[in-house]
1. Provide the net charge surrounding T74, with neighbours chosen by a C-beta distance below 12 Å and charges set as Lys +1, Arg +1, Asp -1, Glu -1.
2. Rounding to the nearest 20 debye, state how big the charge dipole of the stretch 46-90 is about its Cα centre with +1 on each Lys and Arg Cβ and -1 on each Asp and Glu Cβ.
3. Considering the dipole of the chain built from charges on the beta carbon (Lys and Arg +1, Asp and Glu -1) around the Cα centre, which of L18, V104, L129 is farthest to its positive end?
4. Explain nothing, just the number: dipole magnitude of the chain about its Cα centre with +1 on each Lys and Arg Cβ and -1 on each Asp and Glu Cβ, in debye rounded to the nearest 20.
5. Based on DSSP H assignment, which helices of the chain show an axial Cα extent of at least 15 Å together with a mean Kyte-Doolittle hydropathy greater than or equal to -1.0?
6. With Cβ to Cβ distances under 13 Å as the rule, what net charge do the other residues near Q118 carry (K, R +1; D, E -1)?
7. Got a number for carbon plus sulfur as a percent of the chain's accessible area, 1.4 Å probe?
8. Which entries of K47/K76; K36/K76; K8/K92 have Cα-Cα distances beyond 23 Å here?
Amino acid sequence: LPAENSDKAMSTEDAIKLIQINERGRQGKQRARFMKEIRKQEELEKKVKELGATETDPDSAATIIQKLFRGFKTMKQARLMREEELVFIGMKQPEPKPRETDPVARQSDIRSRRKIIQAQNKDEYEEALVN
């Protein structure tokens, strides 16, 4: 920011723009680091293929599977955390809740079932009074 604006208060819109710029920059750097790791891993796999990979024993195969699964799990967790952060800072709308987990929808479903049961019980009671 220019020195002449340093003594004035920043408007809300300017503050939001500044935060968004910094957040997008952080995300870009993180994405670049991630892509660098992927390229490095692909090059390593390419070198292994060029050298002619021999059959692996079950222990090393299990270790490789564990490594890949842990990597997948970590990536998934990081993606979810990134999504939650974007929702938290207001850069993304939250995902709509499914009807079965939405408490308001669940309440209306329970109420409608209760009203049906009440009507059935009322009919049975009135029928029992007649007989």
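1. Taking every Cβ under 12 Å from that of T74, the sum is +4.
2. Working: 9 positive and 7 negative charges, 31 e Å.
The calculation lands at about 140 debye.
3. Looking along the dipole axis, the top candidate is L18.
4. Values: 28 positive and 24 negative charges, 95 e Å.
Its charge dipole is roughly 460 debye.
5. Long hydrophobic helices here: 58-88.
6. Working: positive: R111, R113, R114, K115, K122; negative: D123, E124, E126.
Net of charged neighbours comes to +2.
7. 56
8. In this structure, K47/K76; K8/K92 exceed 23 Å between Cα atoms.
The values are calculated or read from the model by the stated rules, or taken from the named source; none is laboratory data. Not measured: the values here are computed from a predicted model. Positions of Cβ are backbone-derived with ideal geometry, glycine not excepted, and every protein chain shown enters the neighbour counts. With ligands, DNA and RNA removed, areas are computed over all heavy atoms of the protein, side chains included. Shrake-Rupley method; radii C 1.70, N 1.55, O 1.52, S 1.80 Å.
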